[in-house]
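K.L.:
Provided herewith is a single structure, encoded as structure tokens, for subsequent inquiry.
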Amino acid sequence: MAKVRLAGVGKTYPDGTSAVNSLDLDIADGEFLVLVGPSGCGKTTALRMVAGLEEISSGTLTIGDRVVNRTPARDRDVAMVFQSYALYPHLSVRDNIGFGLQLRKVAKSEINKRVEEAARTLGLSEHLDRKPRNLSGGQRQRVAMGRAIVRSPQAFLMDEPLSNLDAKLRVQMRAEISRIQRDLGVTTIYVTHDQVEAMTLGDRVAVMKKGVLQQVAAPQELYDRPVNLFVAGFIGSPAMNLLQGRLAADGDGARLTLGDQYLSVPASLLAERPRLREYVNRDIAVGIRPEDMEDAELGDGAEGTVLTSTTELVEALGSELLVHFTLGAPPVVTEDTKELARDAGADNLDEGKRSSGVIARFSPRSRTTIGADVRVRVDTGRLYFFDPVSGAGIWEGPAPAHQQKEETHA
Ligand SMILES: Nc1ncnc2c1ncn2[C@@H]1O[C@H](COP(=O)(O)OP(=O)(O)O)[C@@H](O)[C@H]1O
Ligand SMILES: [Mg+2]
């Protein structure tokens, strides 16, 4: 086991594609770090550079105490688990797991010992003599994990290892990977485009966009304090609603105008985030998480906390209702939100639009129906704010470290 450090690591492919841009990551010994971001943001390239499968164009890669930029893959002592687990169909589970050790001429008794240990960890002990074709998808994925485990590597590198499994199995294997990693305590870098997987697995999660690291933090920290619009919109499902508003002073608090309606921003929130005062009488990007809205009919909606609209769609999930409606405030259009729209499969954000679609998570006790007027109570203490041009989150105190760096370079 070892720490892994990327310092300014970059990759430019021979055709000129800049896939990874000066990536800084410090992964602690035994840590589970998840690298997440939309397809094409450079996750696989970053992982392959750590594995030694892709040449590093710039920067320094350290595994343990060794700089390994020029070390061939086989000497880096890391084990990679891929999306397509490529088992040898003619070999038994036992031989598939032990294959790498046989190549390395490890003694047969030692191989047997390690394979059986790994099989126990993975719940494969009864299947050691089977062929891959007689295994379920989840069991095959476990065999692929077994190959990595028996090598007792310094680090596991996993590239979307669960993306070929169906949804239910993915959840199950997710829990299993988490357990195994904790049991073995092996430093792990795990790549996925699925933000739920990222949040549930990672000790810390690193969010990338177009080859550039946006934020690396514990899952809850990412959710609660995203550094910019991209992270805010990428982490969370349904996504944070983003609207363009305008802030005006109002006693110790502020009044946030959203189209032809307004919300009162409590004084306590302004006290926590004094930088918001710089935005008074200016446009501001506002974020509202779906769970920070509720049907106002289910409780009292104080003045300045209620928005009105018409329910357009209700998705009843049993435990909650996803209620869709429109507010008369323009969408936030920045480079970040365009990238989010692309990732979500939308053709484009309509820049001229005067209104925005919003999704709220209501209690299933709500009686709202399609076409009905709806009053939506907003937890105004939990509003998110961003600079409408740069997209940077507006938080109290010093900006997060990497943001400071960007600012000083600018
Ligand atoms: N061998 C290659 N040559 C040129 N460009 C590549 C190569 N491999 C990947 N890319 C490009 O590099 C970028 C990052 O790709 P990749 O690391 O695979 O992203 P991800 O794994 O996040 O989907 C993409 O624009 C992709 O098209
Ligand atoms: Mg990839």
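K.L.:
Return a yes/no flag: does region 196-207 have any residue that is farther than 16 Å from Glu31 by Cα and of a type outside the set (Asp, Glu).
P.N.:
Looking through region 196-207, at least one residue is farther than 16 Å from Glu31 by Cα and of a type outside the set (Asp, Glu).
K.L.:
Taking region 225-255 as the search range and keeping residues that are outside any helix (DSSP H, G or I) and under 10 Å from the mean Cα position of the chain (by Cα), which one is surrounded by the fewest Cβ atoms within 10 Å (Cβ to Cβ)?
P.N.:
As a first pass, look at region 225-255 and keep what is outside any helix (DSSP H, G or I): 225-228, 235-255.
Add one more test, that the residue is under 10 Å from the mean Cα position of the chain (by Cα), and what stays is 235-236.
Values: Ile235: 22, Gly236: 19.
Among those that are outside any helix (DSSP H, G or I) and under 10 Å from the mean Cα position of the chain (by Cα), it is Gly236.
K.L.:
Of everything in region 256-274, what is among the charged types (D, E, K, R) and within 27 Å of the chain's Cα centre (by Cα)? Give them in sequence order. Spell out how you get there, then give the answer.
P.N.:
Residues of region 256-274 among the charged types (D, E, K, R): 260, 272-273.
Result: Glu272, Arg273.
K.L.:
Is it true that some residue in region 228-246 is of a type outside the set (A, V, I, L, M), more than 23 Å from Glu396 (Cβ to Cβ) and without any contact (Cβ under 8 Å) to a residue 40 or more places away in the chain?
P.N.:
No, region 228-246 contains no residue that is of a type outside the set (A, V, I, L, M), more than 23 Å from Glu396 (Cβ to Cβ) and without any contact (Cβ under 8 Å) to a residue 40 or more places away in the chain.
K.L.:
Continuing with the same structure: Checking the conditions here, which among Val4, Val67, Val36 is on the phi < 0 side of the Ramachandran plot and within 15 Å of ligand 1 (Cβ to nearest atom)?
P.N.:
Values: Val4 fails: within 15 Å of ligand 1 (Cβ to nearest atom); Val67 fails: within 15 Å of ligand 1 (Cβ to nearest atom).
After applying the criteria, what remains is Val36.
K.L.:
Within the group Ala217, Ala206, which residue is among the small types (Gly, Ala, Ser), surrounded by 23 or more Cβ atoms within 10 Å (Cβ to Cβ) and under 20 Å from Gly391 (Cβ atoms)?
P.N.:
Matching residue, one of Ala217, Ala206: Ala206.
K.L.:
So which residues in region 143-175 are basic (Lys, Arg), touching a Gly at 6+ places or on another chain (Cβ under 7 Å) and part of a helix (DSSP H, G or I), if there are any at all?
P.N.:
Residue satisfying the conditions is Arg147 alone.
K.L.:
Answer with yes or no whether Arg48 is in contact with a helix residue (DSSP H, G or I) (Cβ under 6 Å, 6 or more places away or on another chain) and either within 16 Å of ligand 1 (Cβ to nearest atom) or charged (D, E, K, R) (or both). Working first, answer last.
P.N.:
Values: in contact with a helix residue (DSSP H, G or I) (Cβ under 6 Å, 6 or more places away or on another chain): no; either within 16 Å of ligand 1 (Cβ to nearest atom) or charged (D, E, K, R) (or both): yes.
Criteria not met by Arg48.
K.L.:
Ok, one more. Looking only at region 36-52, decide whether some residue is at pLDDT 95 or above and away from ligand 2 (no atom under 16 Å from the Cβ).
P.N.:
The answer is yes; a qualifying residue exists.
K.L.:
Of all residues in region 18-27, how many are more than 10 Å from ligand 1 (Cβ to nearest atom) and closer than 23 Å to Asp75 by Cβ? Spell out the reasoning first.
P.N.:
Residues of region 18-27 that are more than 10 Å from ligand 1 (Cβ to nearest atom), as a first pass: 21-27.
Subsequent filtering for residues that are closer than 23 Å to Asp75 by Cβ retains 23, 25-27.
Here the count works out to 4.
K.L.:
For region 26-142, which fully contained strands (runs of 3 or more DSSP E) count at least 1 residues that are in the same structural domain as Gly345 (by TED's automatic domain parsing), in contact (Cβ under 8 Å) with a residue 40 or more places away in the chain and not small (Gly, Ala, Ser)?
P.N.:
Details: elements: 32-36, 58-63, 78-81.
Strands (runs of 3 or more DSSP E) meeting the threshold: none at all.
K.L.:
Among the listed residues Leu222, Leu184, identify the single one that is buried (at least 24 other Cβ atoms within 10 Å of the Cβ) and either more than 23 Å from Thr334 (Cβ to Cβ) or away from ligand 1 (no atom under 16 Å from the Cβ) (or both).
P.N.:
Numbers: Leu184 fails: buried (at least 24 other Cβ atoms within 10 Å of the Cβ).
Among Leu222, Leu184, only Leu222 is buried (at least 24 other Cβ atoms within 10 Å of the Cβ) and either more than 23 Å from Thr334 (Cβ to Cβ) or away from ligand 1 (no atom under 16 Å from the Cβ) (or both).
The values are calculated or read from the model by the stated rules, or taken from the named source; none is laboratory data. These figures come from a predicted structure and were not determined experimentally. Cβ sites come from the backbone with ideal geometry, for glycine too, and all protein chains shown count toward neighbours.
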